[in-house]
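The block underneath contains the structure these notes are about, expressed in structure tokens.
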Ligand code: DC
């Protein structure tokens, strides 16, 4: 059972993916963390995340120890991630790991849920269920600002919105694996939904997808 969740920044993919994983005994992979780790590795080495050679080399030598670091959650890491994510060699270097995780989730999980930008279109086009989770840019910026402030990080909503729009544009307009819903994805616009409503709707879709036809 593979569930693919894609969508723009701040749409609530991670919250939903974590809850579905717990409810349906699925392993969860936050694929954005892989790109964030590559971005942070390039910055740590004093490189430019937009430099294809530096980005690809960081992706090929990525240590998984960085994946749980709180440093990945900063806006700087998100911005660097979006830049390295446009480099085809970076995407190629991370692809096999994601597919392996989806098809061989750690025991005792009965499947996997992956969230990102290209899970339904490129990483797991064979996923049993594909969700495209989105919300208006203003609502996504409002949620992200509250989340940052909750972590004690001073955040100005207009600034968060501007950064988010720039990142969305880069993710949507890049040549390889751009952010887009798969043809057979269910689109969930969560602008007027709270996290419980989104979970209930998605859980019903998972139950339906898990039932043999
Ligand atoms: O989901 P996130 O904000 O942690 O992702 C950070 C960046 O990584 C995002 O701007 C685009 C990139 N990304 C991607 O290109 N493909 C994925 N499957 C996941 C993330």
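The numbers here are math on the coordinates, done by the rules we state, and not lab data. Fair warning: this is a prediction, and the values are worked out from it, not measured in the lab. All Cβ positions, glycine included, derive from the backbone under ideal geometry; neighbour counts span all protein chains shown.
When a footprinting reagent is the concern and you count Cβ atoms within 10 Å, what order do 189, 194 take, fewest first? Write down the numbers at each step before the final one.
Details: 189 15, 194 9.
The order, fewest Cβ neighbours first, is 194, 189.
In what order do 31, 211 fall by count of nearby beta-carbon atoms within 10 Å, going from fewest to most?
Details: 31 25, 211 7.
With the sparsest Cβ surroundings first, the list reads 211, 31.
Over the chain, how many percent of alpha carbon pairs lie in each 10 Å bin up to the one with the longest distance?
9, 35, 38, 17, 2, 0
Rounded to the nearest 0.05, what FRET efficiency is calculated for residue 109 and residue 204 with R0 set to 25 Å and r the Cβ-Cβ distance? Kindly include the intermediate steps, with their values, before the conclusion.
Working: r = 21 Å, r/R0 = 0.83.
Working from the Cβ atoms, E equals 0.75.
With every atom except the alpha carbons ignored, what do you get for Rg and Dmax of the range 83-137, in angstroms?
Over the range 83-137's Cα set, Rg and Dmax evaluate to 12.7, 38 Å.
Could you work out the relative contact order of the chain? I mean the mean sequence separation of Cα pairs under 8 Å and 6+ apart, divided by the number of residues, in percent.
Details: 346 pairs, mean separation 69.4, N = 213.
Relative contact order comes out at 33 percent.
Give me the compactness ratio for the range 117-189, meaning the Cα radius of gyration over 2.2 N^0.38 Å.
Working: Rg = 14.4 Å, N = 73, 2.2 N^0.38 = 11.2 Å.
In units of the 2.2 N^0.38 Å rule of thumb, it is 1.28.
Return the Cα extents of the range 1-122 along principal axes one, two and three, sorted largest first, each rounded to a whole Å.
Extents along the principal axes: 42, 26, 26 Å.
Give me 153, 2 sorted ascending by neighbouring Cβ count inside 10 Å, so fewest comes first.
On the way: 153 12, 2 23.
Ranking 153, 2 by Cβ neighbours within 10 Å, fewest first, gives 153, 2.
Which distance in Å, rounded to a whole number, links the C-alpha centroids of the range 5-46 and the range 192-213?
One Cα centre to the other: 20 Å.
For the range 87-142 and the range 144-185, what is the centre-to-centre distance using only Cα atoms, to the nearest Å?
That distance is 16 Å.
Taking 0.36 nm per residue of separation and subtracting the Cα-Cα distance, what length does fully extending residue 183 through residue 22 add? Could the numbers behind the result be given before it?
On the way: separation 161, 0.36 × 161 = 57.96 nm, distance 2.72 nm.
Additional length available on full extension: 55.2 nm.
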